[in-house]
Structure formats: C-alpha cells, structure tokens
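Okay, structure first, notes after.
The values are calculated or read from the model by the stated rules, or taken from the named source; none is laboratory data. Keep in mind that this is a model prediction, so the values were computed, not measured. Cβ sites come from the backbone with ideal geometry, for glycine too, and all protein chains shown count toward neighbours.
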Amino acid sequence: MDYCKKLSIIESVFKMYEKTNNLLKIARECNTAVIAFICMDYVMARSVVYAAEKTNTPAIIMLYPEHVSVQHTTGLFNYATMVKELANEVSVPIGLHADHDYTYEAVKRSVDAGFESIMIDGSMYSLEENIAITKKIVSKVHGVGVFVEGEIGHIGLAETSDNYKEDLYTKPEAAKKFCDETGVDALAISIGNAHGEYKSIPRLDIERLKKIHEITDVPLVLHGGSGIPDDQLLVAFANGINKFNLGTEFLKKYYSAIEDYIQYSKNDSNPVKVIEMPQYVQSKLQTYLEGRLRTLCRF
Ligand SMILES: [Zn+2]
C-alpha cells in the first residue's frame with residue numbers, strides 16, 4: 001500500500017508521527033489490526049520502528065504508565081519525544097499511545113507530555129461510573145485532538161485465569177451503550193483474553209466479538225495478546241479488532257536477547273563489552289518483530 005497517498009486522503013502525513021486515529025482507520029479498511037507494542041526503553045522502541053520500516057507495516061509504540069509511576073525508568077515527556085524522533089527517521093507511519101491510565105489526572109499528565117493517544121481504563125468501576133469517567137475525559141481531551149480508548153467488560157490477569165471468567169466478558173449491549181454515551185474513539189474488550197502469561201491456550205469468544213462489532217461503530221482493541229494462537233488472532237482481526245496490544249511476549253524476547261548476548265560475549269575480556277549489547281539485542285528483536293508484523297498484519 002502507498003501509505004502517503006492513503007493517509008493524505010484522510011489527513012496530512014507530514015508530521016513527526018502518525019495519529020492513532022488514522023492508523024486505526026487504515027487497519028479498519030484493510031480488515032486487519034495495527035500492533036501496539038509495549039516498549040520499556042529506546043532499544044525496544046527503535047527495534048519496533050525499524051522492523052515496521054523493513055516490513056512496510058505501520059505500528060504503534062505504547063507506554064505502560066507503570067514504567068513512569070512505579071519503576072521510574074522513564075519520564076512521560078522524554079518517552080513521547082523519543083518516539084516522535086524515532087518515527088521521524090522512517091517513512092512508515094508510527095503511532096504513540098499511553099496504555100492504561102486510570103484517572104483524569106493521569107490522562108492529563110500524558111496529554112500534557114505530548115501523547116495524542118491515551119487509554120482510560122475505568123473497567124474496575126460499574127458501567128455507569130465507567131461511562132461517567134470516560135465521558136468526562138473524552139469531553140476534555142477531544143478538543144485538543146487526543147484519541148481516547150476506553151474499556152468495557154474487564155480484561156483481567158491470565159495468572160488468575162480471568163480469561164475463563166465469563167462474567168468479566170464484554171456484553172454487546174453494554175458496549176453499545178458505552179460507545180453511544182461516551183463518544184470514545186476505540187474500545188478495548190474482554191472476550192477470553194487477559195494480561196500476562198496464560199496457563200493454557202486461550203480461546204477467544206469470536207461470536208461475542210462479532211456481536212460487539214455489529215452493534216458498535218468504533219475500532220475494537222484486543223489486550224493480552226501474548227499466547228493467543230495466530231489463527232485466532234487473524235479471525236479476530238477480520239471481525240473488528242483493529243488494534244492489538246502485545247507486551248508480555250515482546251518483553252520475554254527482550255530478556256532472552258540480553259541472556260543471549262551475555263552468553264555470546266562471555267569469553268570477551270573487554271570490560272566495556274556492554275557497549276555492543278544494544279545493537280546485538282536490537283538485531284534479535286527486529287527479527288522477531290518483523291516475523292510478527294509479516295504474519296499478523298494485512299495492510
Ligand atoms: Zn491492557
């Protein structure tokens with residue numbers, strides 16, 4: 001696909017990074033999903049950008065806000081600036097997104113730092129409370145062009161087998177009410193997916209997905225992507241999932257690439273051999289990422 005031509009129809013592409021809204025519109029037209037990769041640092045983000053460029057496939061770099069508020073390994077502004085600068089090095093569209101903010105104040109900090117795409121996760125509240133907080137955020141940030149992803153149903157944790165708890169799944173009628181009343185731009189849903197490492201192979205509720213897709217009018221988002229078999233993912237992408245979040249699997253690859261480097265360099269007596277580690281790790285990550293982009297995305 002000629003992205004420049006395609007995007008110019010929707011909106012100007014001549015900006016430092018691409019808006020999530022545009023990326024999801026294209027994914028929707030192509031019946032596929034943009035992969036949003038959780039990136040902890042520069043090496044991960046750079047690997048995504050260059051894998052996207054190599055495969056000519058758009059991608060989103062996503063901050064998990066706990067890396068700011070709990071691990072303190074990055075600052076919001078620094079992260080946003082890093083992604084914009086990296087995105088500017090390549091021709092393929094790269095998005096920037098803040099994952100799982102839980103309060104208006106947290107969203108405001110992300111927006112003030114330069115994120116034009118955020119998630120407000122009110123899924124731990126009642127439907128009415130979730131609608132209220134999401135609606136408030138949409139009304140505050142749409143005016144400054146910020147894209148809002150909400151969550152309905154609750155995407156829990158794989159380690160407590162939440163993916164099997166149907167009472168946490170998204171109800172199609174509630175999803176419609178949520179979209180209608182909040183004006184949200186994208187919707188994260190619970191259909192047998194959960195965050196982290198699954199205990200056994202998950203099975204997505206595709207019939208539920210089809211119903212949600214049928215009665216809502218926004219791109220749907222699948223969290224907890226690590227460990228869901230590719231054949232299920234491709235069916236989900238053809239039925240309304242246009243953004244796919246990948247964290248655990250990518251983080252594991254990162255860790256094992258570092259382990260590989262330590263093994264690879266163990267006989268090297270150079271005391272500053274760590275200097276070459278980012279380049280080594282990036283090449284390993286890029287190989288993995290190019291494979292995921294080629295297998296899963298159909299732009
Ligand atoms: Zn999530």
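A few notes on this one:
- Helices (runs of 4 or more DSSP H) lying entirely in region 122-224 (those with 1 or more residues that are in contact with a strand residue (DSSP E or B) (Cβ under 6 Å, 6 or more places away or on another chain) and under 21 Å from Tyr104 (Cβ atoms)): 127-141, 172-182
- Subset of region 86-102 [part of a loop (DSSP other than H, G, I, E, B), free of Cβ contacts under 8 Å to residues at least 60 places away in the same chain and more than 16 Å from the ligand (Cβ to nearest atom)]: Glu89, Val90
- Options Ser126, Ser117; residue that is free of Cβ contacts under 8 Å to residues at least 40 places away in the same chain and polar (S, T, N, Q): Ser126
- Those residues of region 171-217 which are closer than 21 Å to Asn21 by Cβ, more than 16 Å from the chain's Cα centre (by Cα) and either without any contact (Cβ under 8 Å) to a residue 40 or more places away in the chain or surrounded by fewer than 20 Cβ atoms within 10 Å (Cβ to Cβ) (or both), in sequence order: Lys176, Cys179, Asp180, Glu181, Gly183, His213, Asp217
- Checked across region 238-248, the condition of being surrounded by fewer than 21 Cβ atoms within 10 Å (Cβ to Cβ), touching a residue at least 40 places away in the same chain (Cβ under 8 Å) and within 17 Å of the chain's Cα centre (by Cα) holds for at least one residue.
- Residue within region 251-266 that is within 16 Å of the ligand (Cβ to nearest atom) and either touching a Lys or Arg at 6+ places or on another chain (Cβ under 6 Å) or assigned to a helix (DSSP H, G or I) (or both) present: yes
- Of the listed requirements (1) in contact with a His (Cβ under 7 Å, 6 or more places away or on another chain); (2) among the polar types (S, T, N, Q); (3) within 16 Å of the ligand (Cβ to nearest atom), Asn239 misses just one: (3).
- Take the conditions (1) more than 16 Å from the ligand (Cβ to nearest atom); (2) at pLDDT 95 or above; (3) part of a loop (DSSP other than H, G, I, E, B); Ser269 misses just one of them, which is (2).
- Search result, residues across region 171-223 that are over 20 Å from Ile131 (Cα atoms), aliphatic (A, V, I, L, M) and within 14 Å of the ligand (Cβ to nearest atom): Ala194
- Scanning region 50-66 for residues that are without any contact (Cβ under 8 Å) to a residue 60 or more places away in the chain and farther than 19 Å from Asn242 by Cα returns Glu53, Pro65, Glu66.
- Residues considered: Gly150, Gly227. Of these, the only one that is surrounded by fewer than 19 Cβ atoms within 10 Å (Cβ to Cβ), within 16 Å of the chain's Cα centre (by Cα) and within 16 Å of the ligand (Cβ to nearest atom) is Gly227.
- The single condition among (1) touching a Phe, Trp or Tyr at 6+ places or on another chain (Cβ under 6 Å); (2) more than 16 Å from the ligand (Cβ to nearest atom); (3) farther than 15 Å from Ile120 by Cβ that Ala158 does not satisfy is (2).
- Exclusive hit being modelled with pLDDT of 95 or more, aliphatic (A, V, I, L, M) and within 14 Å of the ligand (Cβ to nearest atom), set Ile133, Ile120: Ile120
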